[in-house]
Amino acid sequence: MGKVSGNAWSGCVRTLSGGGVLGQTPGADPDADPAHPFYGQTVVFTGALSLLPRQDAWAAVASLGATPEQGVNKRSTMLVIGDGFTGNCVEEFHSGKAAKALHWQAKGHTSEVLTEGDFFGMLEEKASSGTRQRRTLNAERTD
């Protein structure tokens, strides 16, 4: 998508419905329940979620004590993959954020990969039961 005029092309600018530019991520709620599985995590989203706009997803994890970030970096501990992704490892999803997650994984940083279903299931959890299946960035890796 973008705009073509004469001999020039300019890419589109991502906006939210209502015309607002994708804004800053909220900070983690320090008073959230430390037993919740999102508490203390650094969460990044890639791909669209079918039930929730990105800013609402950021607000949801922040209210549970997580720090949402717009891009993958060495602090990232969870990568939520939307767009109907149902795989077990990030190698099966092709996006810039997934590639960056693989880069950090190769340097020894591990992150949990969540599908949209995993994400919404975790939002509903009251506290970590320790029984949820965890996916890492590399299915072969057993850290």
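Listed values, structure above:
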| read-out | value |
| --- | --- |
| Sequence-distant residues sharing a close amide H with residue 64 (under 5 Å, placed H) | 29 |
| For residue 80, residues with placed amide H under 5 Å, excluding near neighbours | 44, 45, 46, 114 |
| Charge dipole (region 23-124, unit charges on Cβ, about Cα centre) - positive-most of 47, 62, 98 | 98 |
| 3J(HN,Hα) from dihedral phi, region 61-66, Karplus parametrisation 6.51/-1.76/1.60, rounded to Hz, x for glycine, proline | 6, 5, 5, 9, x, 8 |
| For region 23-124, diffusion coefficient by Stokes-Einstein and Kirkwood Rh (Cα), 4 °C, 1.567 mPa s, µm²/s | 96 |
| Cα-centre dipole for region 23-124 with unit charges at Cβ (Lys and Arg positive, Asp and Glu negative), debye to 20 | 520 |
| Hz values of 3J(HN,Hα) by residue in region 96-110 - Karplus curve (6.51, -1.76, 1.60), Gly and Pro given as x | x, 5, 5, 5, 5, 4, 5, 4, 5, 5, 5, 8, x, 8, 10 |
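Rule-based calculations on the coordinates, nothing more; no lab input. Because the structure is predicted, anything quoted here is derived from the model rather than measured. Positions of Cβ are backbone-derived with ideal geometry, glycine not excepted, and every protein chain shown enters the neighbour counts.
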